[in-house]
Every structure is written in structure tokens, then in C-alpha cells.
Amino acid sequence: MTDRAQFDEAGLNPGDPLPILPGHVSHGRFERVLRAGHFAISTEIAPPDSADPGEVLRRAALFDGHVDAINATDGSGANCHMSSLGVCALLTREGYSPIIQVSCRDRNRIAIQGDLLGAAALGVCSVLCLSGDDVSVGDHPEAKPVFDFDSVSLLQTVKTLRDESRFLSGRKLDLPPQLFMGASINPFAPPYANRVDQFAKKVAAGAEFVQSQYCFDIEMAREFMARARDLGLLEHCHVLMGVGVLASAKTAKWLKGAIPGVHIPDQIIRRLEQAEKPKAEGRAIAVELMQQLAEIKGMSGIHLMAYKQEEWVGDIVARSGVLQGRKPWAPSHLHHSKQTANA
Amino acid sequence: MYRVRLWSVRHSRKMEWLYATFNPMVVKLLRGTVKVFGNKLDKPITAVEAAAKGFFFDCKMCGDCALSKTGMSCPMNCPKTIRNGPCGGVRENGHCEVKPEMRCVWVAAWDGASRMKDGDAIKNVNFAVDHRAKGTSSWLKMARDD
């Protein structure tokens, strides 16, 4: 079953903006899905090491009909790839709902504010504000780290541009960028007791949705959500909990060791070690986690990160059943309905 | 000094008291000084502040001191200079992802704030620093602002 209400307004060009609904901040489909109360799925596209636009579209097509939004990472892990803005611009032309990730590592406030206007002009409707990984962990450790902002002051900046229609300098904008504002959370790293306070700060700074670091510990997720609910944060902000797809016990151990902030309980690693087909087991774990997370009161969706296993996203989403038969919009739907109309 | 910095966070309650007691006096004194000497004594005053806060907090003289709002843990010691932390990369032992030998500045900050009378100030959102203020004295700023 498709949610027709969300597609019918699309213009001839799939990249045309949708009207902003009452109470909404953006033209975007992702905000519509969340505010309509649907359980949403977002995922990540790995920007190519290439100037080939076709490669971006091929990678995005793997998610068609399975996800509501696609995060375009911004030099993730401090490694150089095609820019988030470039990827997003290619995706909006096709009508996709990309989320532009903006990290504070590489650009100062002049560059970032300019990029936010540019992104909105290119049809980007959602932004994820991140501090970013340090340059020392990436492939250009000799680069100068910028960090003019942190994720919270970046949120404040987007809010200033959007709601006050001005630059930080005070100079007025003729047309503000209508961006649905997001941030990241990590309930699975110290200081555990204060992670919800940190979330509260991001909500206070303007976050309307958050996506989390990998969740492999359902109990911690439950506890975090209960505390967020008690603080009333879920009334202002949608939470999409992060789910990862592990390829093997070796990958799991590497992630746990090499990526600070990733918490993988030993029982998950044991399951992968004992499995006859570790890859299939990794997908089964993801499916189970998605189902368990969807049961948690107040959860708005899943942020599915299937790095190098993107072709399995559709299968994992379908098996989890968390969309309850809802089929997210994809460019092919539009082409299909146009053909039917012409026939 | 790293060890003293950790000590200051452990004794954040005491440091808060010291700050609340002596800061108004220092500011008052400096206000008088500024009136008489203008900016002639800025350099030595700044040097004294840098030395004192450097010893206790590894102060980086950002010119926009947040210590009383960050559990007496100077946020400029964070490799990403995050003013509203921590980031998502804190190690399981509470140490920094970039400098594994260092306790996360923001793990320390929330810890220090939990002992302070006005520790809840850490929950307020801080905007990015004004980079023009780097190397200037926060004390003189307070003396001149009033």
C-alpha cells in the first residue's frame, strides 16, 4: 500500500518542491512522513570516490521503495569523498529526499552558511548537524581541523537562517532556507547518565529529528528513550535509532575497537562467531533489532546503516515489517504512474 | 598541567566557591586598574590570568571563559574545541577518541558539574566562540563589560 497523499502533489519534475504543509518547516517528504506519524526509515549513501553522477544514482537506486530519506555523508571518518552537497544536488533532481550531513570539521561559519543556502536552493529539505570526526582519524591527517562550530552551535545557526531569515552577522536573507533540522545522538557511549541531557541541548538548539549511532544494545535504547520521554523531548523531536548490518564477527570486533563510541555487546559477537553464515546472521540481527526498536514507545523510525551491504537494505526492511506494508516514495513510482496515466 | 586539571574537576565544588568568592573582587580591582591605567597593564594582567588558569585548568585563553558552566573542565582542551559536548566518539573508558590517553573533557565536565551548586548551567546552550577574542583576558573583558 502506498501513501498516495504524499506523492500526488509532485510536479512534472520530480525535483520540484512540494508545498509546505501547515505546522511543517520544510518542503520535504521526510518531514511529512514523520509528522504524519508513520514509522520512517532513513539510510546512508556512501558518496563515491569519483566525479561520476551515474554512480551516485546507481547507489541511490538500491534503496528505491525501501527508505524515506537518504543521508549523504560529509567526509565520514574524515576521509575524502564526493561532497555531501554534490550528492544531494544529484539526488534532489530525481526527487529523492536526501539529508545533507554538515560536519564542522572542514568549514567555518562563512562557508557553512553559504552551503546551507545553496543546499536549500538545490531542493535539499533536511539537514543533519554534526561535529564531525577529527582529521587525525582520516586519510588526510595533515589537514587543518576547523571546528569553528560544534554540532549544537551549527543547529543554532540553521535555526537563525531559517526562522529569523538572517545570517549570523544580522544581514537579512531574501528567502530563508526551509530546512528540517536534525542532529545525531549516541546513547551508547559515556557519559551514559548525561547522554539524554546532551540530547536535550540539541532539542533546545532546534533539532527536530535525531539519528543515533549504531544501537546493538536494546536495553540501553529502552532506558534512553524512557528518560527522553520523561523529559518531554519526544514531543519536540523524532528519534530514529541507528541499526547497523554486521558482515562478520571480525567486522564487529574491528568496529568496536577502531570506531570510538560504537558499543557492541559480546553476545552479538558470539552469535556471529557461531553462525554458519555470518553475513546472513548479521542481517538477521539487524532485522531483530529493528523489530525490537519499533516496539519502544515513542520511537519514530530506524536509521539503517548498511555500509557495503546496501543491496540488502530492501530485504532487511521488508523482513523487519516495521513499515507495516507502507511503501516509501521512489522515483520509479512516479515514472510508473505517469506511464499508467498515458496508457 | 593534565593532573592538576583533573584535580580541579574533582574539586569543582571548591573551585566554584573560590571563583564565586574571588572573581567579583578581581573584577572590581581590575575595573579600578583599567580606570587609572587604561590598557597599559593589559599585557601583564593577561599573562597573570594565563598563568593561573593555565596551571589549574590548562586554559587556552579563548577569551570567552566558560569554566563555571562546564564543570571546571576547559572545553578548549577538547581536540574539536566542542563547547556543547561530548561528541559521539567517547571511548568506553571515558577517554577521548582523538587523544586516547586523555580523559574526555566533556565526561569530566558533566562529572564536575554534578558536584557544583550551579552545575545545571552546563545544560544551557553555548554559542561558538568569537575567534577575535583568542589570547585576550576574560577578566579584563568582565571588568570592561560592566
Pick out the one residue from A:244, A:282, A:301 that is surrounded by 22 or more Cβ atoms within 10 Å (Cβ to Cβ), in contact with an Asp or Glu (Cβ under 8 Å, 6 or more places away or on another chain) and not aliphatic (A, V, I, L, M).
A:301
Determine whether region B:92-104 contains at least one residue that is touching a helix residue (DSSP H, G or I) at 6+ places or on another chain (Cβ under 6 Å) and either more than 9 Å from chain A (Cβ to nearest Cβ) or modelled with pLDDT under 95 (or both).
no
Looking at residue B:48 and the list (1) assigned to a helix (DSSP H, G or I); (2) surrounded by 15 or more Cβ atoms within 10 Å (Cβ to Cβ), which single condition is not satisfied?
(2)
Pairs only if they're at least six apart or on different chains, beta carbon under 8 angstrom, first in region A:246-262 and away from chain B (no Cβ under 14 Å), second in a loop (DSSP other than H, G, I, E, B) and open to solvent by 50 Å² or more (accessible area, probe 1.4 Å); list them, first residue then second.
A:247/A:308
Collect the residues in region A:89-112 that are closer than 16 Å to residue A:157 by Cα, open to solvent by 20 Å² or more (accessible area, probe 1.4 Å) and not charged (D, E, K, R), keeping them in residue-number order.
A:108, A:110, A:111
For region B:75-85, give me each residue that is open to solvent by less than 10 Å² (accessible area, probe 1.4 Å), within 8 Å of chain A (Cβ to nearest Cβ) and either closer than 17 Å to residue B:8 by Cβ or polar (S, T, N, Q) (or both).
B:84
Kindly provide the set of residues from region A:200-224 that are aromatic (Phe, Trp, Tyr) and more than 11 Å from chain B (Cβ to nearest Cβ), ordered by number.
A:209, A:216, A:224
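Every residue, every condition in (1) open to solvent by 30 Å² or more (accessible area, probe 1.4 Å); (2) part of a strand (DSSP E or B); (3) within 11 Å of chain B (Cβ to nearest Cβ), yes or no:
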residue: A:128; (1), (2), (3): no, yes, no
residue: A:146; (1), (2), (3): yes, no, yes
residue: A:182; (1), (2), (3): no, yes, no
residue: A:187; (1), (2), (3): no, no, yes
Hey, residue A:166 hits all of (1) of a type in the set (Lys, Arg); (2) more than 20 Å from the chain's Cα centre (by Cα); (3) within 11 Å of chain B (Cβ to nearest Cβ) but one; which does it fall short on?
(3)
Pairs only if they're at least six apart or on different chains, beta carbon under 6 angstrom, first in region A:79-98 and under 15 Å from residue A:58 (Cβ atoms), second open to solvent by 30 Å² or more (accessible area, probe 1.4 Å) and part of a helix (DSSP H, G or I); list them, first residue then second.
A:90/A:53
So, of the residues in region A:13-52 that are over 20 Å from the mean Cα position of the chain (by Cα), of a type outside the set (A, V, I, L, M, F, W, C) and over 16 Å from residue A:124 (Cβ atoms), which turns out to be surrounded by the fewest Cβ atoms within 10 Å (Cβ to Cβ)?
A:22
With the condition kept exactly as written, say whether any residue in region B:86-93 is farther than 30 Å from residue A:256 by Cβ and either open to solvent by 20 Å² or more (accessible area, probe 1.4 Å) or polar (S, T, N, Q) (or both).
no
Would you be able to tell me the number of residues in region A:245-262 that are within 26 Å of residue A:209 (Cα to Cα) and in contact with a helix residue (DSSP H, G or I) (Cβ under 7 Å, 6 or more places away or on another chain)?
3
Restricting attention to region B:105-143, and to residues there that are of a type outside the set (A, V, I, L, M, F, W, C) and within 9 Å of chain A (Cβ to nearest Cβ), which single residue is surrounded by the fewest Cβ atoms within 10 Å (Cβ to Cβ)?
B:124
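The values are calculated or read from the model by the stated rules, or taken from the named source; none is laboratory data. Being a predicted model, the structure only gives us computed values, none of them experimental. Cβ atoms come from the backbone with ideal geometry, glycine included; neighbour counts cover every protein chain shown. Just so you know, the surface numbers come from the protein's heavy atoms only, side chains and all, with ligands and any DNA or RNA stripped out. Shrake-Rupley method; radii C 1.70, N 1.55, O 1.52, S 1.80 Å.
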